[in-house]
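This report refers to the structure that appears directly beneath it.
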Amino acid sequence: MAERQQDNAARRVMLASIREQLAASAHFDAVRDEHHLQARVIEETAHIAAVAEPTTGSLVERFQQALEAVSGHFIAASNENDAAQAIQRIIGQMNAQRIAISDSPLVRRIFKQVESDALVLENAGPEALFDCDVGITGAQWALAETGTLVLESEHERHRLSSLVPMIHIAIVESGRIRQKLGEVLQTLAQEGQEGLSRTVTFITGPSRTSDIELTLAIGVHGPGELYVIVLSGGNVG
Amino acid sequence: MNHLSAETFDANARTALADTQLRGALRNLASTIGERRKVALTTVDDWEGLRERARAIKDETLAHLDKYLEAFADNAERAGAQIHWAHDAGEACAIVLRLLRERNATHVVKSKSMATEEIHLNTALEAEGLTPVETDLGEWIIQLAKETPSHIVVPAIHKSKRQIAELFAEKLGIEPTDDVAVLTGAARRILRQRFAEAQVGISGVNFGVAETGTILILENEGNVRLTTSLPKTHIAVMGIEKVIPRFTDLDVFLKLLPRSGTGQSLTAYQSLITGTKRRPEDEGPEEVHIILMDNGRTRMLGHPVTRQSLACIRCGACLNACPVYQQIGGHAYGSVYPGPIGAVITPQLIGLAKTAQLPYASSLCGACREVCPVKIDIPQLLLHLRAEVVEGTANGTAQKLPVKRKIVERLAFRLYAFAWSSPRLYEWGTRIARVLQRPAVSDGRIGKVSTLVAKVMPPLGAWTAWRDARPIAPLSFRELWREQDPRDNRNVATGMMED
């Protein structure tokens, strides 16, 4: 309780200090504002955000290009069975022993069709996840302009299964691809704070670093391989 | 090259200039990230429009910072985060320490954060027997080497892979190797154990959204996601200038920051965290604490020129573009924030008394202003701070030039102004100078002048110590003009212009 009061007092002091400084600046601001009208700039540049523009190729093709440009692997699947076979191929090639899958209904449905001897963990906790080779999740959105996946915690437990294993396989319905980041941000914002997922994660390619002599190294803390299976004929969101 | 003081900037810079390994690394930085940035800029339609908009959003926020900060705090609390208000570095560190103590934390992981560097959080916690493990690869290297970051985006840019391999061999017992992938793999393996055992994760914040109370953190490695997902408690340290009004404003900043910082269209990961998890069985920490830190920032609000410093989104583009930083690197600045933005932020954060050389660590070429994604007029700020140095008015931390130098400078400029105020005086002055310079001119240039001359005219001495000076021409334009036959004057004029 004492700390609560302390925080409240500190809050009052800081806000008072901000108001005092802004008041002191009012005179200088008036002079400057004669030359620069901020409000106008905000209005005039509003078009920059969140407007889809005509571009060449389909959304899926543009997503593929952007994903591959950041070393992600693109897989097209025309139905859930195709997707299951793609997953089976990857875990076979990688000789995966332990696989973590998220609680996404789509992922679970597809994974039921995968034949594998690997140990499969649903809803794995952190300790178990550290030993997994592959994590499989869905994605609520994908962005064609940057090859990005958007995962929302309200829809899927994605935080660790998409991060801890060395291989991340994500399944996204083609109808969930948008051209621009701004479109998805607007959709998320429309839900208001109540509807907004407590954690939204944007994923663009595998984990990477250039901290040593600016040399690119893949898979430093997160996955070293990212496979995105785009399922066509999915629900159009 | 570490733990240098800003007070000895001149000497630091000279030492750095002699470090060929460092200068090679800096050349690589400027060309590699500079090129990547240029390419990344071509992938947006209207870069200028984006910069304008970003700056307008920042200006709007800062002009009503009290309102947006309150909205941010209220909305974050509504979503379950706990907000703490820290007036200065000491308070911020004390809050972190108290939170760790209350939770009996023994193992703490940390992701890269300039705000925590600014308050020297690690030093404060180490003094109390707690050592947070840095998990960003570059920061971890720096921590193992007991050094400080030399760049705000690539902190270990000053180290070669050979040095890093030697460091890993010494500290971690890893076979020295030239293979960056092997070094990176070792980091992954060792840091995974640290993540697994950590009770608390400490991070910074890139943007705080007032509308929703969301914090957004950008990264490439995945260590931020691990730091903010695995431990039971997440503490985020956030400068109060990180607030932006609306959720959709993120669009603009997510286009600008990665392109400016690393030349990427988007970094590998963005974590948007709004409060705590909704249900106990959900993933993520049980508690999220956000420390809102002033530490000298409100002071910058008091004038539109200084206020623009708070628009900075810490992309590092001005460092990469700066001809001074490119030669001397980050450590020479002797402060947490190096480069052009450091030269303007540091004196405002800690006062000019100990940082009076920093506003002069620039040729005012304006490259920083050109690349700044939020259009901060850094040269204007540098001049503003230089004026404060000279007038000794900087926040009561008067920096006094030696009185003698002050008088001499004033006299010299008076004389200069006087001589230039009359064409005749100017002409005579030039003629006298032409005679006086004669002993110093050889091969049509002025080389290193004698110590005596350097003493009488310090600027000429300083200039010619490193490069030739151009002597005054044998005939001035006016003299040439007068000597010519009036009919030829047109040719002379065009000839001069072609020169």
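Neighbours of B:F247 by Cβ distance under 12 Å: Lys/Arg scored +1, Asp/Glu scored -1, total -3.
Note on the range B:65-142 and the range B:43-64: Cα centroid distance 29 Å, given to the nearest whole angstrom.
A 1.4 Å probe over all protein chains sorts B:Y325, B:Y416 by accessible area into B:Y416, B:Y325, starting with the largest.
For the range A:142-168, which residues drop by 40 square angstrom or more in accessible area between the chain on its own and all protein chains together (1.4 Å probe)? SASA drop of 40 Å² or more in the range A:142-168: A:T146, A:E154, A:R157, A:R159, A:L160, A:L163. Length, then width, then depth: along the principal axes, the Cα atoms of chain B run 95, 54, 48 Å. Scaled against the 2.2 N^0.38 Å expected of a compact globular protein of N residues, the Cα radius of gyration of the range A:60-116 reads 1.23. The relative contact order of chain B comes to 19 percent, based on Cα pairs under 8 Å that sit 6 or more residues apart.
A:S197 sits among other residues whose Cβ lies under 13 Å from its own Cβ, and their net charge, with Lys and Arg +1 and Asp and Glu -1, is -1.
Is the shape of the range B:238-334 rounded, prolate or oblate, going by the alpha carbon gyration tensor and its root eigenvalues a ≥ b ≥ c, with a/c under 1.5 for rounded and a/b larger than b/c for prolate? Prolate, because a/c is 1.5 or more and a/b exceeds b/c.
Per-residue mean of foreign Cβ neighbours for B:212-221 is 5 (Cβ atoms of other chains, 10 Å radius).
If the cut-off is 30 Å between C-alpha atoms, which lysines fall inside it for B:K161, apart from same-chain ones fewer than 8 positions away? The reachable lysines, counting only those whose Cα sits under 30 Å from B:K161, are B:K38, B:K110, B:K112, B:K146, B:K171. Over the residues of chain B, the helix contribution to mean residue ellipticity at 222 nm works out to -15500 deg cm²/dmol, using -39500 (n - 2.57) for each DSSP H run of at least 4. Inter-chain Cβ neighbour count for B:78-85, averaged per residue, equals 4 (cutoff 10 Å, partner chain atoms only).
Over all pairs of different C-alpha atoms, the range B:95-188 has a mean inverse distance whose reciprocal, the Kirkwood radius, equals 14.3 Å.
Here chain B exposes an accessible surface that is 56 percent carbon and sulfur, computed with a 1.4 Å probe and the other protein chains kept in place. For chain A, the longest principal axis of the C-alpha atoms and the axis of helix A:80-93 are separated by about 80°.
From the protein chains alone at 1.4 Å, what is the descending order of accessible area for B:I240, B:I190, largest first?
Numbers: B:I240 0, B:I190 35 Å².
Of B:I240, B:I190, the descending order of accessible area is B:I190, B:I240.
How much area per residue is accessible in chain B when the probe is 1.4 Å and only protein heavy atoms are counted (Å²)?
44 Å²
Plugging the Kirkwood radius over Cα pairs into Stokes-Einstein for the protein assembly as shown, at a temperature of 4 °C and a viscosity of 1.567 mPa s, what D comes out in µm²/s? Show your work: numbers first, answer last.
Working: Rh = 28.1 Å.
Answer from the Stokes-Einstein relation: 46 µm²/s.
Normalised by the number of residues in chain A, the average gap of Cα pairs under 8 Å and 6 or more apart makes the relative contact order 23 percent.
If you find the alpha carbon centre of the range A:116-194 and of the range B:23-37, how far apart are they in angstrom? That distance is 34 Å.
In the range A:183-202, burial by the other protein chains removes 40 Å² or more of accessible area from A:L185, A:A189, A:Q193, A:L196, A:R198, A:V200, A:F202, compared with the chain on its own (1.4 Å probe, ligands and nucleic acids ignored).
Order A:T56, A:T187, B:T184, most accessible first, counting only protein heavy atoms with a 1.4 angstrom probe. Working shown, then result.
Details: A:T56 120, A:T187 45, B:T184 5 Å².
Sorted descending by solvent-accessible area, the residues read A:T56, A:T187, B:T184.
With contacts taken as Cα pairs under 8 Å and at least 6 residues apart, the range A:91-222 reaches a relative contact order of 23 percent.
Please label the shape of the range B:13-63 as rounded, prolate or oblate, based on the square roots a ≥ b ≥ c of the eigenvalues of the alpha-carbon gyration tensor (a/c under 1.5 means rounded; beyond that, a/b larger than b/c means prolate, else oblate). Before the final figure, lay out each step's value.
Working: a/c = 6.27, a/b = 1.85, b/c = 3.39.
Cα axes put the range B:13-63 in the oblate bin.
Buried accessible surface for the A/B pair, both sides summed and rounded to the nearest 100, is 7800 Å² with a 1.4 Å probe. Stokes-Einstein diffusion for chain A, with the hydrodynamic radius set to the Kirkwood value over Cα pairs and evaluated at 4 °C in a medium of 1.567 mPa s, equals 63 µm²/s. Contact residues in the range B:262-301 by the 40 Å² criterion (accessible area, 1.4 Å probe, full protein complex versus chain alone): B:L266, B:A268, B:Y269, B:Q270, B:L272, B:T274, B:R278, B:E283, B:T298, B:L301.
What's the average, rounded to a whole number, of partner chain beta-carbon atoms within 10 Å of each residue's beta-carbon in A:66-73? Before the final figure, lay out the partial values.
Numbers: counts 3, 0, 0, 1, 4, 1, 0, 0.
Mean shielding by partner chains, rounded to a whole number: 1.
The values are calculated or read from the model by the stated rules, or taken from the named source; none is laboratory data. What you see is a predicted model, and the numbers here were worked out from it, not measured in a lab. Backbone-built Cβ (ideal geometry, glycine too); neighbour counts: all protein chains shown. Each accessible area value is taken on the protein alone, full model and side chains, heavy atoms only, with ligands, DNA and RNA left out. Shrake-Rupley method; radii C 1.70, N 1.55, O 1.52, S 1.80 Å.
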